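The values are calculated or read from the model by the stated rules, or taken from the named source; none is laboratory data. In this text the structure is predicted, and so the values were computed from the model without any measurement. All Cβ positions, glycine included, derive from the backbone under ideal geometry; neighbour counts span all protein chains shown.
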Amino acid sequence: MATVVYSIIDQYHDLMDNKSDPRVRTWAMMSSPFPTLFICLFYGYFSRVLGPAIMENRKPLLLKRVLIYYNAFQTLFSAWIFYEYLMSGWATHYSYRCQPVDYSSSPIAMRMARTCWWYYISKFTEFFDTLFFILRKKFSQVSTLHVIHHGIMPMSVWMGMKFAPGGHSTFFALLNTFVHIVMYFYYMLSAMGPEYQKYIWWKKYLTTFQMVQFICIFVHQFQLLFIECDYPKSFTVWIGLHGILFLVLFSGFYKEKYVQIEKKKLKSTTACSESASAKEGKNQSSQNGYAKHTSNGTSGYTKTVTESAYSNVYYSNGINNGFMSTKSIESSENTEKSEESRKIK
């Protein structure tokens, strides 16, 4: 038994000391995977157990100004990392077909390695998303998707940073930082209040944008399985599987939050239309060819209720896909959707 343990320890040291990138060995958090692993595990425990327990008997914090500044910072931070990825390879000399890692100490290679390290650090700053949800007692926003997405990313990026800080798989980080520019800009506008909701009508398409990102990632990664390329196949598979995993999870979120909601809105619209038709003419067919409906109390809606509830009709995203009774209800619903949007992060 002792021999097996010593063998595992020797293999671990060989992996960390001899097969990793020596350029980053002395960089912060790079000497060992255990600090990163511990932080990720504590994040999961805090998100699901400790944080909600601490806030259970406390009042929720508002944090409006904090959220605005935080999301503005994340937007600028992501934009800078995106720019650095472009300038250190993807907009200059990198190949989208096959890009080996440059392990030299040239200025451009070191610039790419430093960019990868900052991207790794950004995965920790994103933990504040969850912290702010908990402090505001928005526990439903700390979903399984949210915790998995945030919890595994630092460890995954650490491995890439330790063994391959550059090359083909940094395309994943390039796309991810671009998506985060858009996302955190959306969150900033959302935090600024109901008067800014009209500027973020495109929230629904943000999830679609993320899913397109994951498709691009696993297609870009898995192409190396069919061609010769001097890039570690293990990282190719690892990052590609990340793309598939998150595509499945985000697709489920999209279906739950948008497809099913649209179906409910359609049913509600149909019921309201039938009620109005029955009220206006019990003995006449409606103009769209449907027969009259007066059963199950449908005709019980009075004129006052009908007019007050549906006097102002609005359609989301410019198409006839659902009634919203008044501007105040529209503002309330948009605010609620803004709160739920952080689940996709």
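Listed values, structure above:
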quantity: Residue count, region 125-169 (criterion: in contact with a helix residue (DSSP H, G or I) (Cβ under 6 Å, 6 or more places away or on another chain) and more than 17 Å from Y187 (Cα to Cα)); calculated: 16
quantity: Residue that is at pLDDT 95 or above, aliphatic (A, V, I, L, M) and within 25 Å of the chain's Cα centre (by Cα), where the choices are I81, I54; calculated: I81
quantity: Helices (runs of 4 or more DSSP H) enclosed by region 1-115 - at least 2 residues per element that are aliphatic (A, V, I, L, M) and loosely packed, with under 12 Cβ neighbours inside 10 Å; calculated: 2-18
quantity: Where I215 falls short, out of the listed (1) touching a residue at least 60 places away in the same chain (Cβ under 8 Å); (2) hydrophobic (A, V, I, L, M, F, W, C); (3) part of a helix (DSSP H, G or I); (4) more than 20 Å from T130 (Cβ to Cβ); calculated: (1)
quantity: Residue within region 49-67 that is closer than 30 Å to R23 by Cα and either in contact with a Cys (Cβ under 7 Å, 6 or more places away or on another chain) or of a type outside the set (S, T, Y) (or both) present; calculated: no
quantity: Enumeration of residues in region 95-123 that are over 16 Å from W27 (Cα atoms) and touching a residue at least 60 places away in the same chain (Cβ under 8 Å); calculated: Y96, R97, C98, Q99, P100, V101, D102
quantity: Only listed residue being more than 22 Å from F214 (Cα to Cα), hydroxyl-bearing (S, T, Y) and modelled with pLDDT under 95, chosen from S104, S169, S140; calculated: S140
quantity: In region 29-46, the residues that are touching a residue at least 40 places away in the same chain (Cβ under 8 Å) and within 29 Å of S104 (Cβ to Cβ); calculated: M29, M30, P33, T36
quantity: Residues of region 162-188 satisfying the condition of being over 20 Å from E126 (Cα atoms) and buried (at least 21 other Cβ atoms within 10 Å of the Cβ); calculated: K162, A164, P165, G166, G167, H168, S169
